[in-house]
Amino acid sequence: MNRRNFVKKAGTAVTGAAALGVVGAASANAEPEAEVTEPSAAVPSETLVAYVRDVDSGEVTVASGTGETTYRDKALVKRLVKAARSSEEVV
């Protein structure tokens, strides 16, 4: 599956969680718990997707447009996994 197809099939909840996680990754420990909320804006024309490659090492790849970058960020991965599990409960 190429990245464009992956982006098309990626769920809105995961994309939203990824966006929240990327913005707050640097200060993940200092922030209050994430809260479930309604979207405050329309879906952007270019989707940002984060997918976890390895939970144990904290490896996550962020894809946007035609580019992607892989990071090692255990705090971000922890938040994404937690958000993904919470979104399963909501559905």
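The values are calculated or read from the model by the stated rules, or taken from the named source; none is laboratory data. Fair warning: this is a prediction, and the values are worked out from it, not measured in the lab. Glycine gets a Cβ as well: all are built from the backbone with ideal geometry, and neighbour counts include every protein chain shown.
From the residues in region 49-81 that are loosely packed, with under 15 Cβ neighbours inside 10 Å and in a strand (DSSP E or B), which one is farthest from the chain's Cα centre (by Cα)?
Here the residue is Gly67.
Of these, Val43, Val7, which one is β-branched (Val, Ile, Thr) and either over 21 Å from Arg85 (Cα atoms) or modelled with pLDDT of 85 or more (or both)?
Working: Val7 fails: either over 21 Å from Arg85 (Cα atoms) or modelled with pLDDT of 85 or more (or both).
Going through Val43, Val7 in turn, the sole match is Val43.
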